[in-house]
Structure formats: structure tokens, C-alpha cells
């Protein structure tokens, strides 16, 4: 028979809680016992010194040492006849159980309040010996030295010196039976045990109720998953516990993903978003073409149209194959390519909006500024596979699309007349993986940063930037430039395929958007 999870959890909880309570109770009783003995010893110290002072006051040249003990003897004889009823919490005290004996300087007992030790040599008992040596003397011993079984009665003894000037004339030792302390200890121990059993019972009841609740929650999630597997439409269950609620939401989300509806919808929106820029570029170039335009400018605009058309075709093909790539752990078609050329072409395609707003670009590779002008004039005549200045590794089309998204955001949110800085860098790694088909080994880490000057990103929006369909209002373009909110989520997916990440941070003058990937 298979034991359910709730029963096993209950048993484990019972064992842990019971062991913990037993450990705490055992240590509490031990510490209580030690504390009671320490308190009793402290009282015995005070009493012994009071009796020693009483005897010292009777010492004189005319009286013997034994005569000086007479006041103490009369004190105990008188006290013994007193009637005593003292209710000390749960214990009733009806007699004085403390005792005292006095020895001379040789350790011989000259007085014993119980009358059984007079004349005996106690010089070797620890309390007497240490006190005669000028130290603190105390001991715990059997009351009757002829009965030394573990269950036989014991007493605590504390001694104090009887002095005459600097000389120790004798010792007075006060005793207290351990049994009188144990009576209080037993009472307190029983009370602690009652508390422990009550706590154990409450803990077990709580554990039982929690196990029932947890089993019910798991059964509810199980039924929910089974009904979804059967294709039935069912409302996602809600739970007070955030972890169980997250689990139910994750199962529901998985169902939607498996249905394929949301998956296809996301790609349609992403494709629409990415086609917007090249279509706008073609439209702008067509509007600027006229018969009187110089041949060189006409050729440049026609090349822009041709390049945008090719980019749209490649983008459609890549979007169709991106679904396959998402299921891979690495990019099969990763290769070495130059990013500076595509980046300059992206800037050229956006020339109308850049010129209209008087924006300018600054480029740098590895911290060194480069001049785009020396490439720009010949850009449309240079083949796309030719390296201009920044060789990196990855999927050329996807990396270009990721940079294009960051560039569009930088332009859309930049202040008029400001500068957009594009930084490209390579971090040399200790291990340089070879590029498939390239035959040479390249640095491992590549980064691209696009920095604009303009409004900062609100703090509330920073964690939401990569959510699908989340976008911020733009200060230019009106309703026509409203974003679909898919750009950064698209960039994030591209970076996942490249073992990289995208990050946006506010700067003193604007926003810095960066890509960093490792292959």
C-alpha cells in the first residue's frame, strides 16, 4: 500500500516536532535544576556568613571557643520549637530543614544542630578543608555516609570561616537537603511537561489541518490539469498561497502555449512591427524621387529601396524559421559577419527622420571613435558580406534586427538636435571558440550599446520594458508612431538564442540600451 504524501509529511512533522520538544524540555529541566541549586547555594553562603559573624561576636579571651558557639546552639533549639506553615507556590513548608555544624581549627565538630556529628573529624571534608585554607568551601554529599546509593538523600553544604583577627578559629557549615529543592523542581517539571504536551497537541492538530489543506490544493490542481488534458474549458483555480497560485497560472499558461493561438499571434505582431521600418523607408525614398534629382542621389535612393526590399524578404523568411530556432540550444547558422556595414545601412535608411529632427550619430569600436563619413559615400556600392570594421559572430539577420530595434527606440525618444552614440566592443576571452566555416578563432564576447540624449525611462517602467505589448508614449509622430510594444520582447528572444542579454539603463542625459552576447 502506497502511503500518501500528506501522511508522510504528517509523520515527519510529528517526529521533528516531538524530538525538538523533547530536547527543549530536557534542557529546560536541567537548567532549572542548576538554577535552583545556584539560588540555594547563594542563600546558604549568606546564612553561613551570618552565623560566623554571630559566633565571632562571642569570642573573647575569657571564654573558650566552644562557649562562643552557645548563642548559635540556643538559636536552633528555640527555632526548632516554632510552628511553621509556609505556602511556597505549590509546596507547603512546615519545618525548618536547614542544619548547621561548627568545627574548630583542627576540623573537629564541636557543635551539630542535629546532634549526630559532634566529636567527629571533618577536617578532610571539602567544605571544612578549603575554608580552613582560606578558600571558598562547599560540597554536595550524602546526608548519611553509611548510605551511598544513588537514590539516598543528599545535602548541600556551604561553609564560612570564624575569624579572630587574621586567624581562622574554626568553621561554621550550613546544609540544605536536596530533597527540599527537588520538591519545587518536580512541581515546575510537571508544569513544563503540561505546556510541552499542549504545544505538541496544538502542533499536531495544525500539521493535520495543513496536510488536509495541502492535499486538497494538490487534488484541485490535479483535477484542473486533467480536465485541460481532456480539452475542456475550465477556469484557472485561485489559491491564497502564492506558490500554488503561480503553479496553477503556469499550467494555464502552458495550455495556451500548447494551443498555439498565442504563439502564432505573437509572431504576427512581431512580423508587422519589424516590417514597419523598411516600408516607411521605401515610402520616404519614393516620395523624394523626381526627374530632376541628380543621378548619384537617385541611385542612392534606389539602392535604399532595393536594400529595404531585400531586408523585408529576409525578415519574413527569418520569422518563419525563428519558431524552429527557439527550440534549439544554440544557433546552427552562427557565423562571422561585419556589423558596422549593416549598422551604417540602418542609419542611411532612417536618413529622412534623422535629417528632419537634426539628429547626428557618433560611432566607436573598442572605445576608439570612427568616422562614418568615409564609409557612407561608398556604402551602397560595398557588398553586404564585406567587413568594414567590426567583425562579430552570430546570426547576421537577427543581430541586425535587434540593433535596428534599439536604434529605432533611440531615435524615437531622442531630443531634437541631439547626438546618438553607438558603441561596439569585443571582450577578449581566455577561450576563443572557432567560428563554423571561418577557420579562425575570434574573441568570445561581443557588445553593442546605443545611447541617446532625451527623456529617461520612468522607474515603474524599467521592469516591464521586455513584456509583450508594453510601450511608453512617444513625444514625436503622434498616434501614427505608437509602438506595438513588441520590439524589446523580440530583441530579448534574439539574445536568448545568442546566449546573451539586453539591458536598458537611464543615464545622466538619456537612455543607454545594450546588447551583449557570447557564442
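Just so you know, all these numbers are worked out from the coordinates, no wet-lab data involved. These numbers were taken from a predicted model, which means no experiment stands behind them. In this analysis, Cβ positions are derived from the backbone assuming ideal geometry, glycine residues included, and neighbour counts consider all displayed protein chains.
Sorting 67-73, 181-187 by their mean Cβ neighbour count within 10 Å, with the most densely packed peptide first, gives 67-73, 181-187. When peptides 152-159, 84-91, 397-404 are ranked by their average number of other Cβ atoms within 10 Å per residue, the highest-first order is 397-404, 152-159, 84-91.
Taking other Cβ atoms within 10 Å as a rough exposure proxy, 424, 293, 36 sort from fewest to most as 293, 36, 424.
Taking all Cα pairs closer than 8 Å and separated by 6 or more residues, the relative contact order of segment 5-185 comes to 22 percent. For segment 90-186, the relative contact order comes to 28 percent (Cα pairs under 8 Å, sequence separation of at least 6). Size check on segment 164-238: the Cα extents along the three principal axes, sorted descending, read 103, 28, 14 Å. Stokes-Einstein, applied to the Kirkwood radius of segment 5-185 over Cα pairs at a viscosity of 1.306 mPa s and 10 °C, places its translational diffusion at 85 µm² s⁻¹. Overall size of segment 132-200 from C-alpha positions, given as principal axis extents largest first: 61, 29, 15 Å.
Over segment 1-104, the ratio between the Cα radius of gyration and 2.2 N^0.38 Å evaluates to 2.07.
Counting neighbouring beta carbons within 10 Å and listing from fewest to most, the residues 101, 460, 195, 466 come out as 460, 195, 466, 101. By the count of neighbouring beta-carbon atoms within 10 Å, fewest first, 336, 77, 151 end up ordered 151, 77, 336.
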